[in-house]
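K.L.:
Here's a structure for you.
The values are calculated or read from the model by the stated rules, or taken from the named source; none is laboratory data. Note that the coordinates shown come from a computational prediction; the quantities given were computed from them, not determined experimentally. Backbone-built Cβ (ideal geometry, glycine too); neighbour counts: all protein chains shown. Ligands, DNA and RNA are excluded from the accessible area calculation, which covers all protein heavy atoms including side chains. Shrake-Rupley method; radii C 1.70, N 1.55, O 1.52, S 1.80 Å.
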Amino acid sequence: KLCILIYEKLCSCNYRLDVNSLDMNSMGFTHAKLSREGRPAYNPADLLKLFIYGYLNRTRSSRELEKESKRNIEVIWLLKGLQPDHNTISNFRRDNPEAIRKVFEQTVRIAQHHNLIGGRILAGDSTKLRAQNSKKNNYNADKVKRHVEYIDKKLEEYTNQLAQSDNDSERTNTEKQIAKHQIRKEHYNRIAQQLEESGQAQISTSDPDSKQMIVRNNITEVAYNIQTINDEKQHIILDYKTTQNNDTHALSDMVRRAVGIVGHTDFVALYDKGYHTGIELAACHTMGVETLVAIPNRPVSSQAPNPAYNFEAFTYNPTDDTYTCPAGATLRTNGTTYTSKTSSFKQYKTPECKRCKCLKECTISKKNGRIVQRSEHIENVERNKVMVESNPELYKKRQAIVEHPYGTIKRQWGFDHTLIKHSIERVSADVGLIFTCYNIRRLLTILHSNGKKGLYLLQTHIIRA
């Protein structure tokens, strides 16, 4: 009866979760280096089975997986008695990030085959996974400067102590302290030099690719930022990307990747206000994808003293390329296009500002009066604004769609950090296995709730088939 398995539904076509049916070579899995002596290399399929089983059962550590292969009867059966050591297990995950991504993509194809992906409403977001690097081992220029200043102060104190000391043992101890602090100072000087040469704002010494990021409110962690995009129909994860950056410029890239997966641009992308950037909205609209990206609050620095005179109250006149302010004055441009880091813009102003009785309510600048900037992407921003304001119920779906996987992975499974370090590619392998197992678990849950045959079976049969 166990052999009825999930095979009947999930393996009834070319879209299978049968690891034994996957072509390990074409997917890019590397074999352990062969030597002329000793035992042959492990089959990558066996190690992949071990990892999928482990992640499904909240076990990621290579040492813990080594233990399971020796004492867990399910794993012993799954690996046919093989007992790889933790180095072999760890190296397999480390060396195969792209191949693991292809396994993840296979779970998406299975979902598509069973019509579990609607492809009409997609929601994206990011989550931070703590890196194997403490805040203590993350440095920026100011932090290094504070450390060096502290050490210089201590060195001065020890030097004065040394000059005044007559006791040999005390002098020896002081000299040791001076030597220790000089070594520490050299260490921080090397970090300062590295920061200057690399042009980076911060450096992590344990895991160089990780960065200190805001996790929530003003709380920061040294972490990786994981981007995902999910389908609305069954909350299946369509794609993921491990990054070192915030969300500002992630929107168009994730949407572009989603277009390649669903095969069309006839969908709406739902994102929160952290992704609201004119150039990103323009890129999505150029692809033909509609967006519902929440509109962030206007910064206090760019608000008028009286909110009634904020930028939104100015009316643009496309026929003569002018703005009309709430007081009725016409603001004109000198035709010059200015550039910023991400876009270009024109400025609009009027000499009537200095004589306007509403000047104090409109701006704090008495010399130049009110200046309005019009970005080259303003039409895309306004198009998104219309979509958000006219579809409030649709946007409310975003959180339910995209937070479902994060809640499962971080709260239920406890995967709120990555076990891997030393490169973003290696971390991507860990992330890929997490999301592969999420999709597998999701497929099991959905098909089981639909009353499909053979879904009461052990999850190990999915892996071994």
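K.L.:
Using +1 at the C-beta of Lys and Arg and -1 at the C-beta of Asp and Glu, which of ALA282, GLN347, THR265 has the Cα lying farthest in the positive direction of the dipole of region 248-364?
P.N.:
Towards the positive end, the residue furthest out is GLN347.
K.L.:
How long are the three semi-axes of the equivalent ellipsoid of region 80-197, in whole Å, if each is the root of 5 times an eigenvalue of the C-alpha gyration tensor, listed from largest down?
P.N.:
56, 22, 11
K.L.:
Still on this model: What three numbers, in Å, describe the spread of the alpha carbons of region 82-124 along their principal axes, ordered from the longest?
P.N.:
Answer, in whole Å and largest first: 45, 24, 13 Å.
K.L.:
With each label point set 7 Å from Cα along the Cα-Cβ vector, what nm distance links ARG63 and THR445?
P.N.:
In this crude spin-label approximation the distance works out to 3.2 nm.
K.L.:
To continue, here is another question. How would TYR53, TYR316 rank on accessible area, largest to smallest, probe 1.4 Å?
P.N.:
TYR316, TYR53
K.L.:
Quick check: with the 1.4 Å probe, what order do TRP413, TRP77 take by accessible area, largest first?
P.N.:
Putting TRP413, TRP77 in descending order of accessible area: TRP77, TRP413.
K.L.:
What size of dipole, in debye to the nearest 20, comes out for region 132-223 about its Cα centre when the only charges are +1 on Lys and Arg C-beta atoms and -1 on Asp and Glu C-beta atoms?
P.N.:
360
K.L.:
Taking 8 Å as the Cα distance limit and 6 or more residues as the minimum spacing, I'd like the relative contact order of the chain as a percentage.
P.N.:
23
K.L.:
According to a simple spin-label model (label point 7 Å from Cα along Cα-to-Cβ), what is the distance in nm between GLN83 and GLN177?
P.N.:
Once both label points are built, they end up 5.4 nm from each other.
K.L.:
Is there a quick way to get the dipole size of region 337-421? I mean about its Cα centre, with the Cβ of Lys and Arg at +1 and of Asp and Glu at -1; what is the value in debye to the nearest 20?
P.N.:
Once rounded to the nearest 20, the dipole reads 600 debye.
K.L.:
Also, quick follow-up: Rounded to the nearest 500 deg cm²/dmol, what is the calculated helix-only ellipticity per residue at 222 nm for the chain, with -39500 (n - 2.57) per DSSP H run of length n ≥ 4?
P.N.:
-13500 deg cm²/dmol
K.L.:
Given charges of +1 on the Cβ of Lys and Arg and -1 on the Cβ of Asp and Glu, with all other atoms neutral, how large is the dipole of region 26-135 about its Cα centre, in debye to the nearest 20?
P.N.:
260
K.L.:
When all protein chains stay in place, what accessible area (Å², nearest 10, 1.4 Å probe) is found for GLU175?
P.N.:
Estimated to the nearest 10 Å², GLU175 gives 90 Å².
K.L.:
Please compute the length gained on full extension between THR336 and SER390, using 0.36 nm multiplied by the number of residues separating them and subtracting their Cα-Cα distance.
P.N.:
Answer, rounded to one decimal: 16.0 nm.
K.L.:
Okay, next question. Suppose we take every Cα in region 250-359 and form the convex hull; what volume per residue is that in Å³?
P.N.:
About 140 Å³ per residue, rounded to a whole number.
K.L.:
Of the options LEU447, LEU47, ASN310, report the single residue whose Cα projects farthest towards the positive end of the charge dipole of the chain (beta-carbon charges: Lys, Arg +1; Asp, Glu -1).
P.N.:
Value: LEU447.
K.L.:
Now, a different point. Order TYR323, TYR395, most accessible first, counting only protein heavy atoms with a 1.4 angstrom probe.
P.N.:
Solvent-accessible surface, decreasing: TYR395, TYR323.
K.L.:
Return the tail of the calculated pair distribution for the chain, meaning the percent of Cα-Cα pairs more than 37 Å apart.
P.N.:
Tail fraction, whole percent: 46.
K.L.:
Out of region 289-392, which trypsin sites (Lys or Arg not before Pro) are coil in DSSP terms and have no more than 11 other C-beta atoms within 10 Å?
P.N.:
Those satisfying the criteria are LYS341, LYS357, LYS366, LYS367.
K.L.:
Quick check: pseudo-label points 7 Å beyond the Cα along Cα→Cβ at GLU382 and GLU98, how many nm apart are they?
P.N.:
Label at GLU382, label at GLU98, 4.5 nm between them.
K.L.:
Output the relative contact order of region 264-392, whole-number percent, from Cα pairs under 8 angstrom with separation of 6+ residues.
P.N.:
24
K.L.:
State, in angstrom, two size descriptors of region 179-310 derived from its alpha carbons: Rg to one decimal place and Dmax to the nearest whole number.
P.N.:
20.3, 67
K.L.:
Determine the gain in length on full extension of the stretch ARG298-GLN200; use 0.36 nm per residue of separation and subtract their C-alpha separation, reporting nm with one decimal.
P.N.:
Difference between extended and current length: 32.4 nm.
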